[in-house]
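The values are calculated or read from the model by the stated rules, or taken from the named source; none is laboratory data. In this text the structure is predicted, and so the values were computed from the model without any measurement. Positions of Cβ are backbone-derived with ideal geometry, glycine not excepted, and every protein chain shown enters the neighbour counts. Note: accessible area is taken over every heavy atom of the protein model, side chains too, but ligands, DNA and RNA are not part of it. Shrake-Rupley method; radii C 1.70, N 1.55, O 1.52, S 1.80 Å.
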Amino acid sequence: MADNQLYNQFLRAKQTGQKKFVVLIDPDKVRLGKIHKVLEYAMDAGVDYFFIGGSLVVNDMLDTLLKSIKEQCNIPLILFPGNSFQLSYKADGLLFLSLISGRNADLLIGKHVITAPFLKMSPLEIISTGYMLVDGGIMTSVQYMSNTSPIPANKEDIALCTAMAGEMLGLKQIYMDAGSGAREPISASMINTVSGGINIPLIVGGGIRDPKKAAENAKAGADVIVVGNAIEKDPVLITEMAAAVKENCRSVTLVDEGHSH
Ligand code: 1GP
């Protein structure tokens with residue numbers, strides 16, 4: 001297992017009011033021949049990371065895809081696995097997701113037990129992540145495949161308590177997701193409530209289609225914004241989305257402990 005380089009970047013960004021922008025690449029949907037356009041836009045726009053994964057990956061392109069991206073750019077690749085088969089040593093890190101909004105024991109701890117020995121031996125940086133599904137107004141693949149109920153979109157108290165419990169359990173960050181292709185992205189109000197109740201980084205994604213919503217979510221307290229579908233449809237959006245997220249960075253100077261007032 002690699003050291004905490006990636007996680008420390010997330011943490012430092014949160015502490016200093018920086019915002020990270022992530023492009024989600026689904027190995028099933030991307031065409032290798034077309035990926036260079038996405039990579040070009042991403043490098044120009046200063047995309048911070050790629051998340052790689054999907055709820056149901058049916059082809060075996062993962063290694064090839066990672067290798068191809070690595071050859072063309074140096075944006076870090078973080079696996080966002082929908083199941084235990086989506087593992088590869090060719091990435092830089094892996095979100096070790098525990099689906100804390102659900103009550104499916106297999107996705108809370110079961111798969112983790114099975115994959116732990118493989119991950120322990122791997123060069124990947126393993127980032128434990130409390131994964132919370134929030135209702136996005138449509139049955140998403142992740143909702144169906146995980147066989148769990150998402151947190152209702154208007155139940156901010158449940159979202160907050162779930163995130164707080166995740167933090168107390170020692171998870172290093174929270175990923176609130178309305179699911180890929182959600183009709184309704186997570187509300188700014190829920191993001192605000194949850195981010196105010198935890199001290200670990202908050203990742204938000206699912207159904208974000210335009211720069212305005214990306215900016216709104218960053219402003220509301222999301223530390224990391226993830227966009228997949230909209231960019232698959234129109235890679236040009238990367239530039240505006242990244243700019244919208246970054247313009248919500250606050251400048252916070254870290255004060256050494258013991259010197260704060
Ligand atoms: C899904 O949060 C990601 O897990 C991204 O969702 O594809 O709807 O942007 P979209």
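Points to keep in mind about this one:
- Within the set TYR131, TYR89, the sole residue that is open to solvent by 50 Å² or more (accessible area, probe 1.4 Å) and among the hydroxyl-bearing types (Ser, Thr, Tyr) turns out to be TYR89.
- Residue satisfying all of: in the range 164-187; within 16 Å of the ligand (Cβ to nearest atom) and over 19 Å from GLY82 (Cα atoms); least open to solvent (accessible area, probe 1.4 Å) among these: ILE186
- Consider the range 1-18 and keep the residues that are among the aliphatic types (A, V, I, L, M) and closer than 18 Å to LYS120 by Cβ. The one that is surrounded by the most Cβ atoms within 10 Å (Cβ to Cβ) is LEU6.
- All conditions in (1) over 30 Å from ASN4 (Cβ atoms); (2) assigned to a helix (DSSP H, G or I) hold for SER149, with the sole exception of (2).
- Scanning the range 134-163 for residues that are of a type in the set (Gly, Ala, Ser), open to solvent by less than 40 Å² (accessible area, probe 1.4 Å) and within 20 Å of ASN83 (Cα to Cα) yields a single hit, SER146.
- Candidate set: the range 230-250, residues that are without any contact (Cβ under 8 Å) to a residue 60 or more places away in the chain and open to solvent by less than 40 Å² (accessible area, probe 1.4 Å); chosen: the one farthest from the ligand (Cβ to nearest atom): ALA244
- Test result for ALA116, without any contact (Cβ under 8 Å) to a residue 12 or more places away in the chain and not β-branched (Val, Ile, Thr): yes
- Subset of the range 15-39 (residues that are among the charged types (D, E, K, R) and in contact (Cβ under 8 Å) with a residue 24 or more places away in the chain): LYS19, LYS20, ASP26, ASP28, LYS29, LYS37
- Residue satisfying condition, being of a type in the set (A, V, I, L, M), within 16 Å of the ligand (Cβ to nearest atom), under 18 Å from the mean Cα position of the chain (by Cα) and modelled with pLDDT of 95 or more, within set LEU6, LEU94: LEU94
- Residues within the range 147-183 that are more than 16 Å from the chain's Cα centre (by Cα), within 22 Å of LEU24 (Cα to Cα) and touching a residue at least 60 places away in the same chain (Cβ under 8 Å), tallied: 0
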